[in-house]
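The values are calculated or read from the model by the stated rules, or taken from the named source; none is laboratory data. Worth saying up front: this structure is predicted, and the values here are computed from it rather than measured. Because the Cβ atoms are built from the backbone with ideal geometry, glycine has one as well, and the counts that use them run over all protein chains shown.
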Amino acid sequence: MGRKPKFNSAQKLSILKEAKEKGIYEISKKYSIDKKTIQQWCLLYKYQGIEGLKSKRTNQSYSLSFKISLVTAFMESGDSLLNFAIKNGLKSHTQLY
């Protein structure tokens, strides 16, 4: 059985706009969302647009060669793991493990 997201992409976008106006701390308390989650949504939206905010019902799988190329690129990038993952089309840095 697949996952059911707590918020859809439109709701996430609305929360991001509200956080931009009122601040992440206030909005994280209002919706009971961790501040890091809102920051991750912000990065996803910045680099992947509305598609980045859409939830997938199943886990994505990647080939070994793709993973190796990502690790090599990450080591050369100087980016944080989370920023690098999102810039490269992943939902989070945990997909690199």
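Computed values, structure above
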{"item": "Flag for residue 58 being among the β-branched types (Val, Ile, Thr) and modelled with pLDDT of 90 or more", "result": "no"}
{"item": "Hits in segment 2-12 - residues which are surrounded by 15 or more Cβ atoms within 10 Å (Cβ to Cβ) and either touching a Lys or Arg at 6+ places or on another chain (Cβ under 8 Å) or modelled with pLDDT under 95 (or both)", "result": "7, 9"}
{"item": "Unique residue being surrounded by 11 or more Cβ atoms within 10 Å (Cβ to Cβ), closer than 24 Å to residue 84 by Cα and touching a Cys at 6+ places or on another chain (Cβ under 9 Å) when the list is 33, 24, 50, 15", "result": "24"}
{"item": "Filter result (modelled with pLDDT of 85 or more and not in a loop (DSSP other than H, G, I, E, B)) within segment 81-97", "result": "81, 82, 83, 84, 85, 86, 87"}
